[in-house]
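No value in this document is a laboratory result; all are computed from the given coordinates. Computed from a prediction, not measured in an experiment: that's the story for all the values here. All Cβ positions, glycine included, derive from the backbone under ideal geometry; neighbour counts span all protein chains shown.
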Amino acid sequence: MIERFLAGRRRGELLVAELQALEDSVERVDTLPGRQTVVPHGKVVDTSMLLVDGFMARYMDGLEGERQLVALHVPGDFVDLHAFPLRKLDHDVGTMTPCTVAVFKHSVIEALIMQFPNLGKQLWFSTLLDAAMHREWIFRLGRLGAAGRVAHLLAETERRLRMVGMSDGKSFALPLQQSDIASACGITAVHANRVLRDLRERGIVQVSSGTVKVGDLKALHREAEFDEQYLYPSDGTK
């Protein structure tokens with residue numbers, strides 16, 4: 001169940017006992033429908049979720065209802081681990097597609113960290129990696145044009161999925177709507193459509209029916225000014 005969490009770790013390895021303890025600590029496994037808010041902002045929670053299958057996102061809504069995606073989660077991510085020390089979140093967490101999640105009680109996580117300090121470091125690393133991606137998203141929104149923003153989102157998602165064995169660098173599943181891509185990139189859905197058409201016509205990438213086909217990965221990275229080092233890859237994938 002947690003193989004993708006392990007595959008996505010960029011530093012260190014869990015011992016067999018630590019792995020087994022993590023597996024044994026799953027409170028339950030939930031199947032969630034798509035397009036549903038799972039953790040509303042401000043709600044006090046005592047559990048965190050490991051995404052096993054599907055795509056989830058963190059987002060914030062403006063006063064007039066405009067939605068801004070602030071993070072995209074792929075299988076292997078602890079989507080709301082921040083709630084472990086904070087008790088509640090300042091943003092919403094929801095499903096983008098039907099999802100399967102493993103649920104962990106915070107009291108159990110605390111006991112695991114006390115018993116297995118190395119496991120605590122791995123969980124801490126997950127939150128630090130989230131922070132690194134947040135900084136990159138700020139850079140993307142603040143310094144890149146529309147084409148660069150969309151390219152960066154696609155390049156980052158491809159690399160993260162490759163880390164967990166869900167991309168071969170040539171194609172990968174990304175069942176998002178154009179409005180989702182627009183929301184993550186701070187542009188309108190109409191503008192996102194124009195950008196995706198331009199990237200397709202230039203042979204860089206094609207997004208269609210929930211699948212991304214990469215025509216020129218190097219060109220995609222150049223367009224995005226993408227440097228994977230902020231993802232701290234050490235899994236040997238190229």
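Miscellaneous remarks
- Structure-based [θ]222 nm, the chain - -39500 (n - 2.57) summed over DSSP H runs of at least 4, per residue, nearest 500: -13000 deg cm²/dmol
- Cβ crowding within 10 Å averaged over residues, with 53-60, 70-77 ranked highest first: 70-77, 53-60
- Packing-based exposure ordering (other Cβ within 10 Å, fewest first) of 137, 124: 124, 137
- Set of lysines with alpha-carbon distance to residue 121 below 26 Å, sequence-local pairs under 8 removed: 88, 105, 238
- Cα-based helix-to-principal-axis angle, 106-115 vs the chain, degrees rounded to 10: 70
- Region 107-148 and region 14-44: distance between their alpha carbon centers, rounded to Å: 16
- Based on Cα atoms of region 3-134, Rg over Rh with Rh as the Kirkwood radius reads 0.96.
- Helix 146-163 and the longest principal axis of the C-alpha atoms of the chain enclose an angle of approximately 40°.
- 5 angstrom amide H check on residue 171, placed H, neighbours 5+ away: 214
- Phi-derived couplings, Karplus 6.51 cos²θ - 1.76 cosθ + 1.60 at θ = phi - 60°, listed residue by residue for region 199-215: 5, 5, 5, 7, x, 8, 7, 10, 10, 7, 6, x, 10, 10, 10, 8, x Hz, with x used for Gly and Pro.
- Rel. contact order, % - alpha carbon contacts under 8 angstrom, at least six apart, region 145-231: 38
- Amide H to amide H distances under 5 Å link residue 91 with 42, where only residues 5 or more positions off or on other chains count and H is placed in the peptide plane.
- Size of charge dipole - the chain - debye, nearest 20, with Cβ of Lys, Arg +1 and Asp, Glu -1, no other charges: 620
- Burial ranking of peptide ranges 109-115, 147-153 (average Cβ count within 10 Å, highest at the top): 147-153, 109-115
- Each residue, residue 46 and residue 217, gets one label point 7 Å from its Cα in the Cβ direction; the gap between the two is 4.6 nm.
- Couplings 3J(HN,Hα) of region 132-145, computed from phi: 4, 5, 4, 4, 5, 5, 4, 4, 4, 6, x, 10, 9, x Hz, in residue order, whole Hz [Karplus 6.51 cos²θ - 1.76 cosθ + 1.60, θ = phi - 60°; x for Gly and Pro].
- Per-residue 3J(HN,Hα) values for region 52-65, derived from phi via the Karplus relation 6.51 cos²θ - 1.76 cosθ + 1.60 with θ = phi - 60°, read 8, 8, x, 10, 10, 8, 10, 8, 9, 10, x, 4, 9, x Hz in sequence order (x marks Gly and Pro).
- Over the chain, relative contact order from alpha-carbon pairs under 8 Å, at least 6 apart, %: 22
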